Structure formats: structure tokens, C-alpha cells
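So the structure is just underneath, and the comments pick up after that.
The values are calculated or read from the model by the stated rules, or taken from the named source; none is laboratory data. These numbers were taken from a predicted model, which means no experiment stands behind them. Here the Cβ positions follow ideal geometry from the backbone for every residue, glycine too, while neighbour counts run over all protein chains shown.
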Amino acid sequence: MISDSTRMRFDKEVAKYPVDQKRSAVMACLAIVQDEQGWVSPETEAAIADYLGMAAMAVHEVTTFYNMYNQAPVARFKLNVCTNLPCQLRNGQDALHYMEIKLGIKMGQTTSDGLFTLQQSECLGACADAPVMLVNDRTMCSNMSNARMDAMVAALQAEAAKHPLNDASKLGATA
Ligand code: FES
């Protein structure tokens, strides 16, 4: 489940911590796996736990605590809409609902063309700019009016058309 090259990347992260605290590299190891595979499977969690000498459940607790770790394959573009209370007070829930209608899917689902996975998220640290969305765990989109969401989806669709992925890499891509 973990290749030699992946293990070498793990080794570099573990080397940043004292010998008796290698489990401190768990988030970095999860990020490496997700970077390479697009998501973190239970089998990979177990392999990381074995590598770091910690319980598989402890690794799973990290995976499930953070939105950025995908527990299943996701589309080319993962859209996280913040629905925490401050954003709720500024139409965060409405933004999520608008995206559900626009994409024709429910929260947690992926469009049939494999382009978009829609998720809700906890606070993204940009409450003053609500409604806010995060694209592929990296790109923050602020003040997302319906018009701005329309433009964002159109831009991502255009990018996908310009740079198509082969079928094998369509699901699970996060960058
Ligand atoms: S509550 Fe949405 S960014 Fe903070």
C-alpha cells in the first residue's frame, strides 16, 4: 500500500521530529498519501499507523477531523462551502443550496462528469468574507454571491475543457 518512494517522503517528514515523537508526522504523511492517491483509504491509514507506530484509530481520528483529507475519491474540483454559524448569518447555507441546484447534486455528492464534488465545511477562517468556499483545499473564494459562484463554476469548467485529464486520473485528483 505504501511504495518505497512514498516511504522515503515519510522518512523526510519523520526526520523533522525527535526520534520518540515520530507520530507527530501523521498529518504530513496523510497529506503525502492524498497528494499521490487523491484520497486516504482505511488500508492506507493502517499502513501509516504501522509506519508511525500508532493505533490505526488514532490516524483515523486525524483523517476525519480535518476537511482537507478525503475519505473517498473526489472529483477534479472539490468545493467546500462553509456553513458554520458566522457564515450561516451571511447566507452560507444559501450558497451551499445554490450550488446544489446549480450542479444538480446534493452536498457530499459528485457530478456525473467527475468534475465537481460538493461538501460543506467548518470555519475556513475567513468569516468576514462570507459566504466563502474553498476549492481543492487551497484556493479561497470570498464573498460568493450567486453571480460569483456562476463565474467560478464556468471558469473551472473552462479550465477542465482546456486541460482534460485522462479517465484514470479524473477521480481522486486534488490539485
Ligand atoms: S464561519 Fe465560515 S469562514 Fe468562519
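A few notes on this one:
- Residues of the stretch 17-36 that turn out to be out of contact with any helix residue (DSSP H, G or I) (no Cβ under 7 Å at 6 or more places or on another chain) and either in contact (Cβ under 8 Å) with a residue 40 or more places away in the chain or not polar (S, T, N, Q) (or both), as a count: 6
- Annotation: of all residues in the stretch 136-156 being modelled with pLDDT of 95 or more and within 15 Å of the ligand (Cβ to nearest atom), the one that is surrounded by the most Cβ atoms within 10 Å (Cβ to Cβ) is MET144.
- Of everything in the stretch 53-105 that is on the phi > 0 side of the Ramachandran plot and in the same structural domain as HIS163 (by TED's automatic domain parsing), the residue that is surrounded by the fewest Cβ atoms within 10 Å (Cβ to Cβ) is GLY104.
- The stretch 118-145 residues that are touching a residue at least 12 places away in the same chain (Cβ under 8 Å), paired with ones that are outside any loop (DSSP other than H, G, I, E, B) and β-branched (Val, Ile, Thr) (beta carbon under 6 Å, 6 or more apart): GLN120/VAL81; MET133/VAL81
- Residue in the stretch 2-22 that is under 20 Å from the mean Cα position of the chain (by Cα) and at pLDDT below 95 present: no
- Single unsatisfied condition, ALA130 versus (1) within 8 Å of the ligand (Cβ to nearest atom); (2) out of contact with any Cys (no Cβ under 6 Å at 6 or more places or on another chain): (2)
- Scanning the stretch 106-135 for residues that are more than 21 Å from ALA154 (Cα to Cα) and surrounded by fewer than 19 Cβ atoms within 10 Å (Cβ to Cβ) returns GLU122, CYS123, GLY125, ALA126, CYS127, ALA128, ASP129.
- Any hit, the stretch 86-109, residues being near the ligand (Cβ under 8 Å from one of its atoms), more than 15 Å from MET149 (Cβ to Cβ) and touching a helix residue (DSSP H, G or I) at 6+ places or on another chain (Cβ under 7 Å): yes
- Close pairs from the stretch 72-83: first at pLDDT 95 or above and of a type in the set (Lys, Arg), partner within 16 Å of the ligand (Cβ to nearest atom) and in a strand (DSSP E or B), Cβ under 8 Å, at least 6 apart: LYS78/GLN119; LYS78/VAL135
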